[in-house]
1. So which of G204, G215, G165 ends up being farther than 23 Å from I143 by Cβ and without any contact (Cβ under 8 Å) to a residue 60 or more places away in the chain?
2. Which residue pairs have Cβ atoms under 6 Å apart, sit 6 or more places apart or on different chains, and have a first residue in region 65-82 that is outside any helix (DSSP H, G or I) and a second that is surrounded by fewer than 20 Cβ atoms within 10 Å (Cβ to Cβ) and modelled with pLDDT of 90 or more?
3. Sort through T178, T148, T156 and tell me the only one that's over 24 Å from I85 (Cα atoms) and either modelled with pLDDT of 90 or more or of a type in the set (D, E, K, R) (or both).
4. Every residue in region 67-88 that is buried (at least 19 other Cβ atoms within 10 Å of the Cβ) and farther than 22 Å from L212 by Cβ, please.
5. Hey, among G194, G241, G224, G219, which residue is at negative phi, out of contact with any Ser or Thr (no Cβ under 6 Å at 6 or more places or on another chain) and modelled with pLDDT under 85?
6. Report those helices (runs of 4 or more DSSP H) wholly inside region 92-169 carrying at least 1 residues which are of a type outside the set (V, I, T) and closer than 19 Å to S29 by Cα.
7. Identify all residues within region 212-231 that are more than 18 Å from P162 (Cβ to Cβ) and hydrophobic (A, V, I, L, M, F, W, C); write none if there are none.
Amino acid sequence: MKTRKLTGALLLLLAVAALPSTAGAMHISEGILPPQWAALWFAVAIPFVAWGLREMKIRSAREPFFKPMVGLIGAAVFVISCMPIPVLTAGTCSHPCGTGMAAILIGPALTVVVSSVALLLQALFLSHGGLTTLGGNIVSMGIVGAYTGWAVFHVTRRAGLPLWGAAFLAGLFSDWATYATTSVELASALPGSGSFLHMAAAIGLSFMPTQLPLGILEGVITAGVYRFISVRRPSLLECLGVATAGGAR
């Protein structure tokens, strides 16, 4: 019965995520970045994706349960990042990302991989983001989001913060760092009469009405997921190396 309910809830989330909407501007849309900037972000993203695939191969050979775990986390990132919220001040959409949560559980390198797959599927089938801007979206959501969440979690753990508190801050700052990076990417590529810093600040401010509360919500979700797993399957956290938060994977 529990399995049936969980499956039904997941199907409902996927159905809602797939509904037609005006969220074509979610992520950086097709054609927004000039070719040279699109190429630059691809050049930055590719080594991180390659490193993540290498890490996947190594850990899957060492830990047979790990590949299904990565698939489950990837599905969660896909669903979470498919929930658009209009940004009325910018004519675009915000959304939670899920990369802070993923980075805690499977590490930042693998989070880059699952984020890349999620972003590619969203661009191909949901018109969220674009193919030419895929590199920029991977950099902001996959790379910056994942490594920020991972770093915040481990730094705050070493500072003595409880695990749930470290998980909350990981989700919070992962989300905010993603949108700060998106603001920089847009400001560096879009023409304007003001300076680069002025444009980046203006774009960042346009995201604040939705992204400040979304970041807090994502922190709550990340802490809740960690709490749920720690109660139901604490051995899983130990296998993943999260329970001690000793070092990174």
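1. Numbers: G204 fails: farther than 23 Å from I143 by Cβ; G215 fails: farther than 23 Å from I143 by Cβ.
Testing whether each residue is farther than 23 Å from I143 by Cβ and without any contact (Cβ under 8 Å) to a residue 60 or more places away in the chain leaves just G165.
2. none
3. Details: T178 fails: over 24 Å from I85 (Cα atoms); T148 fails: over 24 Å from I85 (Cα atoms).
Matching residue, one of T178, T148, T156: T156.
4. Selection gives V70, I73, G74, A76, F78.
5. Numbers: G241 fails: at negative phi; G224 fails: modelled with pLDDT under 85; G219 fails: modelled with pLDDT under 85.
None of the others qualify; the one that does is G194.
6. Values: elements: 99-106, 108-121, 134-137, 145-158.
Output list reads 108-121, 134-137, 145-158.
7. L212, L214, L217, listed by residue number.
Listed here are the residues, each with its yes/no results for (1) in contact with a Ser or Thr (Cβ under 8 Å, 6 or more places away or on another chain); (2) more than 19 Å from T222 (Cβ to Cβ); (3) modelled with pLDDT under 80.
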| position | (1), (2), (3) |
| --- | --- |
| M69 | no, no, no |
| G74 | no, no, no |
| F78 | no, no, no |
| I85 | yes, no, yes |
| T89 | yes, yes, yes |
| G98 | yes, no, no |
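The values are calculated or read from the model by the stated rules, or taken from the named source; none is laboratory data. Please read all numbers here as calculations on a predicted model, not as lab measurements. We place every Cβ from the backbone using ideal geometry, glycine too, and count neighbours over all the protein chains shown.
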